[in-house]
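Inspection log for the structure reproduced underneath, given as structure tokens.
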Amino acid sequence: MSVLKVDGKNFESEVLKFDGTVLVDFYADWCGPCKMVAPILEKISNEVSSNVKIAKVNVDLSPDLAGKFSVMSIPTLIIFKKGKVFTTRIGFTSEKAILDLIK
């Protein structure tokens with residue numbers, strides 16, 4: 001499964017109503033650390049089980065979602081479990097740390 005792009009139109013159906021775990025990467029195209037996290041998320045998205053989704057929200061295109069979840073710095077990774085915020089990690093995060101967050 002590849003990384004899913006979400007925005008205000010599909011955030012609720014893809015993230016909040018999903019009955020598993022969703023890692024949402026709040027990012028921007030111009031952000032250096034975001035570009036470093038992107039290939040890690042792509043790799044992980046192909047390795048996780050079907051009850052885990054990896055999604056991305058472009059904060060420049062969806063500032064309302066960034067505001068709703070108090071995203072002040074990017075990248076911000078938020079883990080949702082059954083539609084609820086479980087944990088948040090701000091800044092570049094290694095593959096091992098991301099996998100630990102998902103578990």
I'd like to know if the stretch 95-102 contains one or more residues that are touching a residue at least 60 places away in the same chain (Cβ under 8 Å) and among the small types (Gly, Ala, Ser).
no
Output the residues belonging to the stretch 50-59 that are touching a Phe, Trp or Tyr at 6+ places or on another chain (Cβ under 9 Å) and farther than 11 Å from Asp7 by Cβ.
Asn51, Lys53
Criterion first (in contact (Cβ under 8 Å) with a residue 40 or more places away in the chain, buried (at least 20 other Cβ atoms within 10 Å of the Cβ) and outside any helix (DSSP H, G or I)) does Val22 satisfy it?
yes
Out of Asn10, Asn51, report the one residue that is among the polar types (S, T, N, Q), more than 12 Å from the chain's Cα centre (by Cα) and over 20 Å from Ala97 (Cα atoms).
Asn10
Which fully enclosed strands (runs of 3 or more DSSP E) of the stretch 40-94 have 1 or more residues being surrounded by fewer than 19 Cβ atoms within 10 Å (Cβ to Cβ) and not β-branched (Val, Ile, Thr)?
76-81, 84-90
Residue pairs within 9 Å by beta carbon, gap of at least six or interchain, first lying in the stretch 63-91 and at positive phi and among the basic types (Lys, Arg), second in a strand (DSSP E or B) and surrounded by 12 or more Cβ atoms within 10 Å (Cβ to Cβ), listed first then second, are Lys82/Thr21
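Read-outs: derived from the displayed coordinates by stated rules, not from any lab. No experiment lies behind these values; they were computed from the predicted model shown. No Cβ is skipped: glycine too gets one built from the backbone with ideal geometry, and neighbour counts run over all protein chains shown.
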